[in-house]
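Presented below is the structure to which this report refers.
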Amino acid sequence: KSLIAKAEQGGWMPIFPAWSNYTAAMIGDHASVMIPDAYIKGIKDFNIDTAYFFMRKNAFDHPSPDEYKDGKGRRALTSYLKYGYIPLEDSVWDAFHKREQVSRTLEYAFDDYALAQVAKGIGKTDDYEILMKRSQNWRNVFDSQTGFVRGRYADGTWTEPFDPNAMVSFICEGTSFQYTWYVPHDIPGLIRIMGGEKAFRDKLDSFFREGRYWHGNEPGHQIPYLFTLAGEPYRTQEVVRKIIEEEYGSGPGGLSGNDDAGQMSAWLVFSMMGFYPVCPASNQYVITTPAFDEIKIFLPGGKYFLISSVSSKPGYKFIKVITRNGGVYPYWVINHDDI
């Protein structure tokens, strides 16, 4: 409701509101994820038509030069719509992050997916189809030859030289290896383009084995859960448990990064309870081992959802049973409506 009020007063949905002002501090348009996520999960005590109007405006319309300098509208939207990605020639001077072209492309593709879910829900079929097509723009910065997302020029050529583990200007606060996994809305597509489940898992294994995972920066928080979506849920359980043990504590330095919008803490709460939303606005959670012997969520009408764990050996816990209202739940991914 607050975001909608700000949009009504300022004429645009905020990208990154701070200090009671519009800002273009970060690179995505994630008000257009938070609102759709709430809507998809049944939180509808707000005017969805007004919200959609302003979210759509961010995704389709170009602000005036003065509005743009004031932090209104998506950065580099003109290039994103023209090329299907943001080329390296397009720097974004009216923003805190002034390049970040690949990360920005990936984030906008996800934002478009989330907004598409609202379009579908309120009967905006044409918008839904356009936005879902745009949600595949992540493919335009994925280089199949190297297997990583990579900077690309307007003529389609890739940046050279290329090191997937280097901190580079076209990636926001990270590396290509870290941002290659940022396709939360199309993990099956990412698996296919990488060569199938085994190749995908092998790359994930090397990512963690080489110490490339960085829990202190939130764009990678979904990565430990991707093992499950590639057919190895036990690896998700191992990695999540290790992160909880090593990256959190109750003393000074108990968080390994800024608790941006509460995300560091939210990841811990979800993961200790045994499920996590890899793709907000998809209505799905990926299940992992809870940090406790049993997690039971009580629901209206005497219903419940339960995950219990068992120790295979000291220090190692795996899922014993997943139960919905007493019946065995045989899946590793659960819909919000099923809880």
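Return a yes/no flag: does segment 122-133 have any residue that is charged (D, E, K, R), modelled with pLDDT of 95 or more and either within 17 Å of GLY28 (Cα to Cα) or within 20 Å of the chain's Cα centre (by Cα) (or both).
Initial filter on segment 122-133 (charged (D, E, K, R)): 124, 126-127, 129, 133.
Then drop every residue that is not modelled with pLDDT of 95 or more, which leaves 124, 126-127, 129, 133.
Right, trim to either within 17 Å of GLY28 (Cα to Cα) or within 20 Å of the chain's Cα centre (by Cα) (or both) and you get 133.
Yes, the conditions are met somewhere in segment 122-133.
Restricting attention to segment 308-328, which residues are at pLDDT 75 or above, of a type outside the set (S, T, N, Q) and under 29 Å from the mean Cα position of the chain (by Cα)?
Scanning segment 308-328 gives PHE318, ILE319, LYS320, VAL321, ILE322, ARG324.
Only one of these conditions is not met by GLN9: (1) at pLDDT 95 or above; (2) surrounded by 14 or more Cβ atoms within 10 Å (Cβ to Cβ). Which number is it?
Here GLN9 clears every test but (2).
Every residue, every condition in (1) closer than 26 Å to ASP260 by Cβ; (2) at pLDDT 95 or above; (3) surrounded by fewer than 19 Cβ atoms within 10 Å (Cβ to Cβ); (4) not small (Gly, Ala, Ser), yes or no:
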{"site": "MET13", "(1), (2), (3), (4)": "yes, yes, no, yes"}
{"site": "TYR22", "(1), (2), (3), (4)": "yes, no, no, yes"}
{"site": "ALA51", "(1), (2), (3), (4)": "yes, yes, no, no"}
{"site": "TYR80", "(1), (2), (3), (4)": "yes, yes, no, yes"}
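Can you give me the number of residues within segment 131-164 that are surrounded by 13 or more Cβ atoms within 10 Å (Cβ to Cβ), free of Cβ contacts under 8 Å to residues at least 60 places away in the same chain and more than 23 Å from ARG192 (Cβ to Cβ)?
Number of matching residues: 0.
Got at least one residue in segment 88-99 being more than 30 Å from GLY156 (Cβ to Cβ) and either open to solvent by 50 Å² or more (accessible area, probe 1.4 Å) or of a type in the set (S, T, N, Q) (or both)?
Taking segment 88-99 and keeping what is more than 30 Å from GLY156 (Cβ to Cβ), we get none.
No, that holds for no residue.
Given the structure, is ASP66 in a loop (DSSP other than H, G, I, E, B), open to solvent by 40 Å² or more (accessible area, probe 1.4 Å) and either in contact with a strand residue (DSSP E or B) (Cβ under 7 Å, 6 or more places away or on another chain) or of a type outside the set (A, V, I, L, M) (or both)? Explain how you work it out, then say what you get.
Numbers: in a loop (DSSP other than H, G, I, E, B): no; open to solvent by 40 Å² or more (accessible area, probe 1.4 Å): yes; either in contact with a strand residue (DSSP E or B) (Cβ under 7 Å, 6 or more places away or on another chain) or of a type outside the set (A, V, I, L, M) (or both): yes.
Answer is no for this residue.
The values are calculated or read from the model by the stated rules, or taken from the named source; none is laboratory data. None of the values given here were measured: they were computed from a predicted structure. Reconstructed Cβ throughout: ideal geometry from the backbone, glycine too, with neighbour counts over all protein chains shown. The area values use the complete protein model at the heavy-atom level, side chains included, leaving out ligands, DNA and RNA. Shrake-Rupley method; radii C 1.70, N 1.55, O 1.52, S 1.80 Å.
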